[in-house]
Amino acid sequence: MEDTPILVGIDVGTTKVCALIADVDEGGAFRILGLGIEPSQGMRKGVVVDVEQASRSIAAAVDKAQRTAGYEIGVAFVSLAGAHVASVNSRGVVGVGSSSYGIEQEDVDRALDNAQAVSIPHGREILHIIPRGFVVDGQEGIRQPLGMHGFRLEVEAHIITAATASVQNLTKCVESAGVAVEAYVLNPLASAEVVLTDTEKEMGCVVVDIGGGTTDLAIYIDGNVWHTSVLAVGGNHLTSDIAHGLRLPADVAEKLKIEHGSAYAKDVALNELFNVTPFGEDQPLQVTKHDLATIIEARVEEIFSLILQEIKRTGYDGLLPAGIVLTGGTSQLPGIRKVASNVLNLPARVAGPQNLHGLVDKLIGPAYSTSVGLLHWAKRESIAPVRRKQQKKSGLKTLDLSRGVDFLKRLLP
């Protein structure tokens, strides 16, 4: 059979681990071959707090994906989040030698190397170096300088760094499952590949991925990433508020949030009731859905207020006519779009993965945008294809995924 490119992504979140194995059909859509979803243990606010527990969760998700696909995962693109992630914009400048071809890849690489020569604090490492744009001999707004003639090349780059210890801990957990990390991808960058249109990226928009432990955002302007940030607040904080407000166990509060929750109290009738049994009570008590929505709305408003502060801090608040695109599990709350639009004074919509085939029933929804987004990164990185062999009766086929060596690969150290 013909060689088939195999793509692997592992989304390690605070609430779940999702491992995906996929290939690409003739129409360019992903065909999900293997899927493994496991409740996340040992993670808090996007970082590893218990290596053993986190390793078990990742290993279980990987095992499920391998069994459904009939493949053994060798390497994978892995998501990364957490408040330890930081970003800075930097500029690199180099002289260009005379060449009949013009600016070459070597010149671009030197400019990017120059851009990353910023002061990186001890204990941190570069996760992404993303070109925002190029300047050739003072001419701005150049997106692809290769082949252009000039004597001075400048690059504006967005540099994302992470705490080395946090990266090493997550790497240890993934490798304990028998999988090597091909590259880490910041959550909102992965999600953006799934939920943003090219028009939204060009016009100016912000993608906000509200997960269980963190809220991750990325600002796109003129088709490029201009800013990224991770806020240490997410859906688990809503659950905690419900648990404290109604004096309930956390698992019961989570169930209520999913089954009866709303982020916009004005849309909830005052006479809709449900029963709960708080701590210290022998008999169930009636609680209105409106009261539950009031608890949730207060925290959701706080999250979007923090997002607004972050956007204003960047100075890009007037450059986002395409508005905000919400994704992540918490974005499934009814009414959250209205709260986002009201607080940020921007158009808002909720989006999730589309254009999938195969084992997709569990992947329909914003909760899996990062997971599917990792496949987009893997596809773009041009992982070398592997040959699909006949299944052996006594085991799984092994994927020997070679690392890509294209230009974008060098942007992911």
### Query
Which residue, S341, S119, S87, tops the fluctuation ranking in a GNM of the chain built on C-alpha contacts under 10 Å?
S119
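Counting other Cβ atoms within 10 Å, keep those with at most 13, restrict to DSSP loop, and tell me which GluC sites (Glu not before Pro) in the stretch 154-237 are left. Don't skip to the end; give the middle numbers.
Values: sites: E154, E156, E175, E182, E193, E200, E202; in loops: none.
Passing both the DSSP loop test and the Cβ count: no residue.
Shape call for the chain from the C-alpha gyration tensor, a ≥ b ≥ c root eigenvalues: rounded (a/c under 1.5), prolate (a/b greater than b/c) or oblate? Each step should come with its number before you reach the end.
Working: a/c = 2.04, a/b = 1.34, b/c = 1.52.
Oblate, because a/c is 1.5 or more while a/b does not exceed b/c.
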### Query
Hey, fewest Cβ within 10 Å first, where do F134, F151 land in order?
F151, F134
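For the stretch 112-212, what does the alpha-carbon gyration tensor say about shape, rounded, prolate or oblate, given a ≥ b ≥ c as the root eigenvalues, a/c under 1.5 as rounded, and a/b over b/c as prolate?
Values: a/c = 2.46, a/b = 1.48, b/c = 1.66.
Oblate, because a/c is 1.5 or more while a/b does not exceed b/c.
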#### Entry: 0 to 90° range, to nearest 10: angle between helix 250-260 axis and the chain longest Cα axis
90
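Rounded to the nearest angstrom and ordered from largest down, what semi-axes does the equivalent ellipsoid of the stretch 86-162 get from its C-alpha gyration tensor (root of 5λ)?
Working: eigenvalues 126, 26, 17 Å².
Over the Cα atoms of the stretch 86-162, the ellipsoid semi-axes are 25, 11, 9 Å.
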### Query
According to a simple spin-label model (label point 7 Å from Cα along Cα-to-Cβ), what is the distance in nm between R380 and V51?
3.2
### Query
Expressed as an acute angle from 0 to 90° and rounded to the nearest 10, what is the orientation of the C-alpha long axis of helix 369-380 relative to the principal long axis of the chain?
10
#### Entry: Part-to-part distance (alpha-carbon centres) for the stretch 20-70 and the stretch 187-224, which is given in Å
22
#### Entry: In sequence order, calculated HN-Hα J values of the stretch 346-361 (Karplus, 6.51, -1.76, 1.60; Hz; x Gly/Pro)
9, x, 9, 8, 10, 9, x, x, 9, 6, 10, 9, x, 7, 10, 4
### Query
How large are Rg and Dmax for the stretch 1-137 when only the alpha carbon atoms are used, in Å?
20.4, 58
### Query
Relative to the first principal axis of the alpha-carbon coordinates of the chain, what is the inclination of helix 105-115, with its axis defined by its Cα atoms, in degrees from 0 to 90 and to the nearest 10?
50
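Output the peptides 59-72, 12-25, 349-362 sorted from most to least packed, where packing is the average of other Cβ atoms within 10 Å over each peptide's residues. Let's see the in-between values first.
Details: 59-72: 20.4, 12-25: 24.1, 349-362: 16.4.
Taking the mean over residues of other Cβ atoms within 10 Å, the ranking is 12-25, 59-72, 349-362.
Count neighbours as other Cβ atoms within 10 Å of each site's Cβ, and list the chymotrypsin sites (Phe, Trp or Tyr not before Pro) in the stretch 253-317 that are DSSP loop with at most 10 such neighbours.
Numbers: sites: Y264, F274, F279, F304, Y316; in loops: Y264, F279, Y316.
Listed in order of number, the matching sites are F279.
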### Message
Once you keep just the Cα pairs under 8 angstrom separated by 6 or more residues, what percentage relative contact order results for the chain?
### Response
20
### Query
Which residues' amide hydrogens lie under 5 Å from the amide hydrogen of I32, considering only partners 5 or more residues apart or on another chain, with H built in the peptide plane?
H357, G358, L359
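Which whole-number percent is the relative contact order of the stretch 1-121 (Cα, under 8 Å, 6+ apart)?
Numbers: 191 pairs, mean separation 26.2, N = 121.
It rounds to 22 percent for the stretch 1-121.
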### Task
Would you mind checking the stretch 220-248 for residues with the amide N under 19 Å from a putative spin-label position 7 Å along Cα→C-beta of Q286?
246
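Between S240 and L273, what's the calculated FRET efficiency when r is the beta-carbon distance and R0 is 22 Å? Round to 0.05. Please report the intermediate quantities before stating the final value.
Working: r = 23 Å, r/R0 = 1.05.
So, using R0 = 22 Å, E works out to roughly 0.45.
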### Task
Kindly write out, for the stretch 271-276 in residue order, the coupling ³J(HN,Hα) from the Karplus curve 6.51 cos²θ - 1.76 cosθ + 1.60 (θ = phi - 60°), rounded to whole Hz, with x marking Gly and Pro.
9, 7, 10, 8, 9, 9
### Message
Mean-square fluctuation check for the chain, GNM, Cα pairs under 10 Å: which of G133, G36, G102 is largest?
### Response
G102
### Task
Tell me which residues come under 5 Å, amide H to amide H, from H128 once H is placed; ignore anything under 5 positions away on its chain.
I160
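Every number here is computed from the coordinates shown, using simple stated rules; none is lab data. Given the structure is predicted, the values throughout are model-derived calculations rather than measurements. Because the Cβ atoms are built from the backbone with ideal geometry, glycine has one as well, and the counts that use them run over all protein chains shown.
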